[in-house]
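Report on the structure given below.
Taken together, the values in this text are just the output of simple stated rules run on the coordinates, not laboratory data. Computed from a predicted structure; not experimentally measured. With ideal geometry, Cβ positions are generated from the backbone for all residues, glycine too; neighbour counts draw on all protein chains shown.
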Amino acid sequence: DTEVTQTPKHLVMGMTNKKSLKCEQHMGHRAMYWYKQKAKKPPELMFVYSYEKLSINESVPSRFSPECPNSSLLNLHLHALQPEDSALYLCASSQDKPRGGWIYEQYFGPGTRLTVT
Amino acid sequence: GDSVTQMEGPVTLSEEAFLTINCTYTATGYPSLFWYVQYPGEGLQLLLKATKADDKGSNKGFEATYRKETTSFHLEKGSVQVSDSAVYFCALDMEYGNKLVFGAGTILRVKS
């Protein structure tokens, strides 16, 4: 099973709403990622979790709050978003890499299409 | 810093034409190189990868060879199909950190 699942597929929310995006993988991967992708652009890394601990935060605004409750699940909590936050949000997972060691490919989910009104 | 440059698109081809999408990289160390494909309305799928110089990645008729001397990883396919229409991203990953560096992406349109 090389699948990363994401829910919901589509989400429309107002600027005062609180919502969450969910991501799940059962490949035993210990690194999980959130990306934001605008139309016609490559994905931009937001957060990386390694062994359920946040290891990279790419200076993302605090209205985005990630959470990794266990090794299979990754959430992204959304609050007080702006219309410019509308985008495709992609989750990915991979084996975690040892120091200076092998590089593992990332497996991506289908994404959540978020619209902020 | 590390970076990836891809040829600009869109690339428009007729079915059964030969495809080349150019990709070059800049990196301070020895990256692994990847091609990802994104079909309309979907997430990214790994198409192929190469982890060291002169490695050739291949999948579904696509090929790319890791050329250290020219810092390139060009994607090729001998005969494209309409179903290959998608956006193709070249990417690198360094041996340190967990961070893919993507190129801008190349849109491929194949006409029947």
Ratio of the Cα radius of gyration of chain B to 2.2 N^0.38 Å, where N counts its residues:
1.02
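Roughly how crowded by other chains is peptide A:106-116, in terms of the mean Cβ count from those chains within 10 Å of each of its Cβ atoms? Before the final figure, lay out the partial values.
Details: counts 8, 4, 7, 3, 5, 5, 1, 1, 0, 0, 0.
Mean inter-chain Cβ contacts per residue within 10 Å come to 3.
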Sequence gap of 8 or more, or different chains, plus Cα separation below 24 Å: how many lysine pairs satisfy both in segment A:1-114?
22
Any idea what Rg and Dmax come out to for the protein assembly as shown if you just take the C-alpha atoms, in Å?
17.7, 53
Rg and Dmax [Cα atoms of chain A; Å; Rg one decimal, Dmax integer]:
13.8, 44
If contacts are Cα pairs under 8 angstrom and at least 6 residues apart, what is the relative contact order of chain B in percent?
37
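Quick one: net charge around residue B:8, please, counting Lys, Arg +1 and Asp, Glu -1 for every other residue with C-beta under 14 Å from its C-beta.
+3
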Label zone at residue B:17, where the point sits 7 Å out along the Cα-to-Cβ direction: segment B:66-106 residues whose backbone N lies under 17 Å:
B:75-88, B:106
For segment B:16-91, which trypsin sites (Lys or Arg not before Pro) are both in a DSSP coil and crowded by at most 16 other Cβ atoms within 10 Å?
B:52, B:60, B:68
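Which whole-number percent gives the relative contact order of chain A, counting Cα pairs below 8 Å spaced six or more residues apart?
36
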What is the sum of charges around residue B:79, taking Lys and Arg as +1, Asp and Glu as -1, for the other residues whose C-beta is under 13 Å from the C-beta of residue B:79?
-3
For segment B:15-92, listing chymotrypsin sites (Phe, Trp or Tyr not before Pro) in a DSSP loop whose Cβ sees at most 12 other Cβ atoms within 10 Å gives B:18
Hey, got the average number of other protein chain Cβ atoms within 10 angstrom for residues in B:38-50?
4
Within 10 Å of each residue's Cβ, count the other Cβ atoms and sort B:33, A:78 from fewest upward.
A:78, B:33
Can you give the local net charge around residue A:71? Use residues other than it whose beta-carbon is closer than 12 angstrom to its beta-carbon, Lys and Arg +1, Asp and Glu -1.
-1
